[in-house]
Amino acid sequence: MSLPPLEPGLHREWRELMGTVATITMRDVDAAGAQPAVAAAFERLHEIDRRFSPYKEESEISRISRGELTVPDAHPEVTTVLEACEALRVESGGRFSAWGFRADGRLDPSGYVKGWAIGEAAEALRAADLRDFILDIGGDVFAAGGPDPARGWGIGIVDPSDRGAIVAPLAVRDRSVATSGLAERGEHVIDARDGTAATEWASITVVHPSAARADAAATIALLMGEDALDWIDRDPDAAAFAVHRDGRLAWTPRMERYLAGTVTTIR
(Lines give C-alpha, C1' and ligand atoms only; values in the text may rest on other atoms or scores of the structure.)
Protein backbone atom coordinates (compact mmCIF):
# COMPACT_ATOMS: atom_id res chain seq x y z
CA MET A 1 0.00 0.00 0.00
CA SER A 2 1.05 3.64 -0.33
CA LEU A 3 0.42 6.44 2.12
CA PRO A 4 0.76 10.18 1.44
CA PRO A 5 4.15 11.74 2.18
CA LEU A 6 4.81 13.22 5.61
CA GLU A 7 5.85 16.73 6.56
CA PRO A 8 9.31 17.07 8.13
CA GLY A 9 9.27 16.29 11.84
CA LEU A 10 6.49 13.70 11.60
CA HIS A 11 6.75 9.91 11.94
CA ARG A 12 4.14 7.34 10.94
CA GLU A 13 3.42 3.72 11.83
CA TRP A 14 0.67 1.61 10.24
CA ARG A 15 -0.94 -1.79 10.54
CA GLU A 16 -3.70 -3.67 8.75
CA LEU A 17 -6.52 -4.42 11.18
CA MET A 18 -10.31 -4.28 11.56
CA GLY A 19 -10.61 -4.92 7.84
CA THR A 20 -8.87 -1.65 7.02
CA VAL A 21 -5.65 0.26 7.73
CA ALA A 22 -4.80 1.94 11.03
CA THR A 23 -2.14 4.64 11.13
CA ILE A 24 -0.50 6.55 13.95
CA THR A 25 1.27 9.75 12.94
CA MET A 26 3.37 11.49 15.61
CA ARG A 27 5.23 14.79 15.87
CA ASP A 28 8.76 15.27 17.19
CA VAL A 29 9.29 11.77 18.54
CA ASP A 30 12.24 9.45 18.76
CA ALA A 31 10.95 6.67 16.52
CA ALA A 32 12.72 3.90 18.41
CA GLY A 33 11.72 5.31 21.78
CA ALA A 34 8.07 5.54 20.73
CA GLN A 35 7.90 1.91 19.61
CA PRO A 36 6.67 0.45 22.94
CA ALA A 37 3.78 2.95 23.05
CA VAL A 38 2.91 2.38 19.40
CA ALA A 39 3.05 -1.39 19.86
CA ALA A 40 0.78 -1.14 22.92
CA ALA A 41 -1.75 0.95 20.99
CA PHE A 42 -1.85 -1.44 18.05
CA GLU A 43 -2.06 -4.47 20.34
CA ARG A 44 -5.02 -2.86 22.10
CA LEU A 45 -6.74 -2.46 18.74
CA HIS A 46 -6.04 -6.08 17.81
CA GLU A 47 -7.40 -7.21 21.19
CA ILE A 48 -10.62 -5.27 20.64
CA ASP A 49 -10.95 -6.64 17.11
CA ARG A 50 -10.47 -10.22 18.35
CA ARG A 51 -13.17 -9.70 20.96
CA PHE A 52 -15.76 -7.65 19.10
CA SER A 53 -15.51 -8.38 15.38
CA PRO A 54 -18.78 -9.84 14.01
CA TYR A 55 -16.74 -11.18 11.09
CA LYS A 56 -14.38 -13.36 13.17
CA GLU A 57 -16.02 -16.69 13.91
CA GLU A 58 -14.34 -17.08 17.31
CA SER A 59 -14.84 -13.53 18.59
CA GLU A 60 -16.93 -13.25 21.73
CA ILE A 61 -19.51 -11.20 19.82
CA SER A 62 -19.90 -13.95 17.19
CA ARG A 63 -20.17 -16.61 19.87
CA ILE A 64 -22.84 -14.62 21.71
CA SER A 65 -24.72 -14.13 18.45
CA ARG A 66 -24.71 -17.91 17.86
CA GLY A 67 -25.85 -18.60 21.42
CA GLU A 68 -22.57 -20.28 22.42
CA LEU A 69 -21.66 -17.65 25.02
CA THR A 70 -23.73 -15.51 27.35
CA VAL A 71 -22.97 -11.85 27.95
CA PRO A 72 -22.33 -12.36 31.71
CA ASP A 73 -19.78 -15.07 30.87
CA ALA A 74 -17.96 -12.89 28.33
CA HIS A 75 -15.16 -10.41 29.05
CA PRO A 76 -16.45 -7.45 31.17
CA GLU A 77 -15.77 -5.10 28.25
CA VAL A 78 -18.54 -6.84 26.32
CA THR A 79 -21.05 -5.81 28.97
CA THR A 80 -19.66 -2.26 28.94
CA VAL A 81 -19.99 -1.97 25.16
CA LEU A 82 -23.45 -3.54 24.96
CA GLU A 83 -24.71 -1.28 27.76
CA ALA A 84 -23.42 1.72 25.82
CA CYS A 85 -25.17 0.42 22.70
CA GLU A 86 -28.41 0.01 24.64
CA ALA A 87 -28.19 3.61 25.86
CA LEU A 88 -27.71 4.70 22.24
CA ARG A 89 -30.72 2.62 21.19
CA VAL A 90 -32.88 4.49 23.69
CA GLU A 91 -31.42 7.88 22.76
CA SER A 92 -31.96 7.23 19.05
CA GLY A 93 -35.58 6.24 19.48
CA GLY A 94 -34.76 2.66 18.50
CA ARG A 95 -33.04 3.53 15.22
CA PHE A 96 -29.64 2.29 16.40
CA SER A 97 -29.30 -1.19 17.88
CA ALA A 98 -26.41 -3.61 18.19
CA TRP A 99 -28.94 -6.32 17.33
CA GLY A 100 -30.42 -4.46 14.35
CA PHE A 101 -27.35 -3.00 12.66
CA ARG A 102 -27.09 -5.89 10.19
CA ALA A 103 -29.74 -7.01 7.74
CA ASP A 104 -29.35 -10.61 8.99
CA GLY A 105 -30.12 -9.55 12.58
CA ARG A 106 -26.86 -10.85 14.06
CA LEU A 107 -25.23 -9.03 16.96
CA ASP A 108 -22.97 -6.27 15.62
CA PRO A 109 -21.88 -3.35 17.85
CA SER A 110 -19.55 -1.98 15.15
CA GLY A 111 -21.39 1.35 15.03
CA TYR A 112 -20.01 2.03 18.51
CA VAL A 113 -16.94 -0.18 18.79
CA LYS A 114 -14.77 1.43 16.11
CA GLY A 115 -14.85 4.85 17.77
CA TRP A 116 -14.48 3.32 21.22
CA ALA A 117 -11.44 1.40 19.98
CA ILE A 118 -9.87 4.60 18.66
CA GLY A 119 -10.37 6.18 22.07
CA GLU A 120 -8.81 3.19 23.83
CA ALA A 121 -5.73 3.25 21.58
CA ALA A 122 -5.39 7.02 22.01
CA GLU A 123 -5.36 6.53 25.77
CA ALA A 124 -2.54 4.00 25.41
CA LEU A 125 -0.50 6.59 23.52
CA ARG A 126 -1.24 9.34 26.04
CA ALA A 127 -0.32 7.03 28.90
CA ALA A 128 3.16 6.91 27.35
CA ASP A 129 3.31 10.74 27.34
CA LEU A 130 2.75 11.13 23.61
CA ARG A 131 0.84 14.39 23.18
CA ASP A 132 0.98 15.26 19.46
CA PHE A 133 -0.39 12.47 17.29
CA ILE A 134 -3.23 11.57 14.98
CA LEU A 135 -4.70 8.06 15.08
CA ASP A 136 -6.66 7.05 11.97
CA ILE A 137 -8.67 3.88 11.42
CA GLY A 138 -10.32 3.73 8.03
CA GLY A 139 -10.81 7.50 7.90
CA ASP A 140 -12.12 7.99 11.44
CA VAL A 141 -9.57 9.77 13.61
CA PHE A 142 -8.57 11.10 16.98
CA ALA A 143 -6.27 14.12 16.70
CA ALA A 144 -4.21 15.01 19.78
CA GLY A 145 -2.25 18.25 19.80
CA GLY A 146 -1.03 19.19 16.34
CA PRO A 147 1.70 18.77 13.72
CA ASP A 148 3.26 21.94 15.13
CA PRO A 149 2.38 24.19 18.08
CA ALA A 150 0.63 26.77 15.89
CA ARG A 151 -1.99 24.62 14.19
CA GLY A 152 -4.19 21.60 14.48
CA TRP A 153 -4.12 18.46 12.39
CA GLY A 154 -5.51 18.85 8.87
CA ILE A 155 -8.36 16.48 8.03
CA GLY A 156 -10.35 16.49 4.81
CA ILE A 157 -14.03 15.63 4.52
CA VAL A 158 -14.18 13.48 1.42
CA ASP A 159 -16.67 14.02 -1.39
CA PRO A 160 -18.85 10.87 -1.19
CA SER A 161 -19.34 10.98 -4.96
CA ASP A 162 -15.59 11.26 -5.68
CA ARG A 163 -13.28 9.66 -3.11
CA GLY A 164 -10.33 11.57 -4.55
CA ALA A 165 -11.85 15.00 -3.80
CA ILE A 166 -12.23 16.98 -0.58
CA VAL A 167 -15.37 19.05 0.04
CA ALA A 168 -14.21 20.67 3.29
CA PRO A 169 -10.79 20.93 4.98
CA LEU A 170 -10.77 20.84 8.78
CA ALA A 171 -8.16 21.70 11.40
CA VAL A 172 -8.68 20.00 14.77
CA ARG A 173 -6.84 19.62 18.06
CA ASP A 174 -7.82 17.15 20.79
CA ARG A 175 -10.93 16.12 18.91
CA SER A 176 -12.20 13.06 17.09
CA VAL A 177 -13.65 13.16 13.59
CA ALA A 178 -15.90 10.35 12.33
CA THR A 179 -17.88 9.96 9.12
CA SER A 180 -20.75 7.67 8.28
CA GLY A 181 -21.96 7.47 4.70
CA LEU A 182 -22.95 5.50 1.65
CA ALA A 183 -19.91 5.95 -0.59
CA GLU A 184 -17.90 2.82 0.23
CA ARG A 185 -20.51 0.26 1.25
CA GLY A 186 -23.71 1.67 -0.20
CA GLU A 187 -26.95 1.67 1.80
CA HIS A 188 -25.60 -0.44 4.67
CA VAL A 189 -26.73 1.48 7.77
CA ILE A 190 -29.97 -0.17 8.90
CA ASP A 191 -32.80 1.36 10.92
CA ALA A 192 -33.43 -1.24 13.62
CA ARG A 193 -37.10 -0.24 13.90
CA ASP A 194 -38.11 -1.51 10.47
CA GLY A 195 -35.00 -2.87 8.73
CA THR A 196 -34.85 -0.11 6.13
CA ALA A 197 -31.55 1.45 5.05
CA ALA A 198 -30.58 5.09 5.61
CA THR A 199 -30.93 7.02 2.34
CA GLU A 200 -31.41 10.72 3.21
CA TRP A 201 -27.72 11.65 3.40
CA ALA A 202 -24.68 10.71 1.35
CA SER A 203 -22.44 11.31 4.38
CA ILE A 204 -22.41 12.91 7.81
CA THR A 205 -19.19 13.85 9.62
CA VAL A 206 -19.14 14.55 13.36
CA VAL A 207 -16.44 16.31 15.39
CA HIS A 208 -16.47 15.55 19.13
CA PRO A 209 -13.99 15.23 22.02
CA SER A 210 -14.98 11.56 22.39
CA ALA A 211 -14.11 9.17 19.56
CA ALA A 212 -16.84 6.76 20.66
CA ARG A 213 -19.44 9.51 20.64
CA ALA A 214 -18.31 10.91 17.28
CA ASP A 215 -18.58 7.48 15.64
CA ALA A 216 -21.95 6.60 17.15
CA ALA A 217 -23.42 10.05 16.51
CA ALA A 218 -22.39 9.96 12.84
CA THR A 219 -24.06 6.56 12.42
CA ILE A 220 -27.24 7.56 14.25
CA ALA A 221 -27.43 10.89 12.41
CA LEU A 222 -27.40 9.04 9.09
CA LEU A 223 -30.61 7.36 10.30
CA MET A 224 -32.20 10.59 11.56
CA GLY A 225 -33.15 11.90 8.14
CA GLU A 226 -33.82 15.62 7.92
CA ASP A 227 -33.60 15.98 11.73
CA ALA A 228 -29.96 14.84 11.84
CA LEU A 229 -28.19 18.18 12.18
CA ASP A 230 -30.65 19.54 14.74
CA TRP A 231 -30.19 16.37 16.78
CA ILE A 232 -26.39 16.65 16.73
CA ASP A 233 -26.50 20.36 17.52
CA ARG A 234 -28.22 19.64 20.85
CA ASP A 235 -24.86 18.34 22.11
CA PRO A 236 -22.77 21.41 23.02
CA ASP A 237 -19.56 19.45 22.35
CA ALA A 238 -20.54 18.29 18.87
CA ALA A 239 -20.30 19.73 15.37
CA ALA A 240 -21.43 18.17 12.10
CA PHE A 241 -20.99 18.51 8.35
CA ALA A 242 -23.41 16.75 6.01
CA VAL A 243 -23.68 16.00 2.31
CA HIS A 244 -27.17 15.43 0.90
CA ARG A 245 -27.75 12.71 -1.68
CA ASP A 246 -28.21 15.46 -4.29
CA GLY A 247 -24.85 17.05 -3.38
CA ARG A 248 -26.09 19.95 -1.26
CA LEU A 249 -23.92 20.72 1.77
CA ALA A 250 -25.02 21.66 5.29
CA TRP A 251 -23.32 22.04 8.64
CA THR A 252 -24.06 23.03 12.22
CA PRO A 253 -22.90 26.42 13.54
CA ARG A 254 -20.13 24.93 15.71
CA MET A 255 -18.53 23.37 12.63
CA GLU A 256 -17.38 26.85 11.60
CA ARG A 257 -14.60 26.76 14.20
CA TYR A 258 -13.05 23.70 12.53
CA LEU A 259 -13.34 24.70 8.85
CA ALA A 260 -9.86 25.53 7.65
CA GLY A 261 -10.43 26.58 4.04
CA THR A 262 -12.88 26.83 1.20
CA VAL A 263 -15.88 24.51 1.18
CA THR A 264 -16.24 23.02 -2.31
CA THR A 265 -19.68 22.79 -3.85
CA ILE A 266 -20.51 19.36 -5.27
CA ARG A 267 -21.82 19.48 -8.82
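For this structure, a couple of remarks:
Here's the yes/no breakdown for (1) closer than 30 Å to GLY156 by Cβ; (2) of a type in the set (A, V, I, L, M, F, W, C); (3) touching a Gly at 6+ places or on another chain (Cβ under 8 Å):
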{"residue": "GLU77", "(1), (2), (3)": "no, no, no"}
{"residue": "TRP99", "(1), (2), (3)": "no, yes, yes"}
{"residue": "GLU120", "(1), (2), (3)": "yes, no, no"}
{"residue": "ASP136", "(1), (2), (3)": "yes, no, no"}
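- Residue selected from region 22-68 under the condition among the β-branched types (Val, Ile, Thr) and assigned to a helix (DSSP H, G or I), by the criterion surrounded by the most Cβ atoms within 10 Å (Cβ to Cβ): ILE61
- Candidates ALA150, ALA178, ALA192, ALA127, filtered to the one that is touching a strand residue (DSSP E or B) at 6+ places or on another chain (Cβ under 8 Å) and of a type in the set (A, V, I, L, M): ALA178
- Count of region 83-107 residues, restricted to those that are surrounded by 14 or more Cβ atoms within 10 Å (Cβ to Cβ) and closer than 16 Å to ASP215 by Cβ, is 11.
- Selection from region 71-117 of residues that are of a type in the set (Val, Ile, Thr), assigned to a loop (DSSP other than H, G, I, E, B) and in contact (Cβ under 8 Å) with a residue 24 or more places away in the chain: none
- Filtered residues of region 214-227 (kept if assigned to a helix (DSSP H, G or I), touching an Asp or Glu at 6+ places or on another chain (Cβ under 9 Å) and surrounded by fewer than 24 Cβ atoms within 10 Å (Cβ to Cβ)): GLY225, GLU226
- Among (1) modelled with pLDDT of 95 or more; (2) more than 23 Å from ALA117 (Cβ to Cβ); (3) buried (at least 17 other Cβ atoms within 10 Å of the Cβ) - the single one ASP233 does not satisfy: (3)
- Qualifying positions in region 230-258 - within 20 Å of HIS188 (Cα to Cα) and either part of a helix (DSSP H, G or I) or touching an Asp or Glu at 6+ places or on another chain (Cβ under 8 Å) (or both): VAL243, HIS244, ARG245
The values are calculated or read from the model by the stated rules, or taken from the named source; none is laboratory data. Just so we're clear, the structure is a prediction, and the values are computed from it rather than from any experiment. Heads up, the Cβs are rebuilt from the backbone with ideal geometry, glycines too, and the neighbour counts pull from every protein chain shown.
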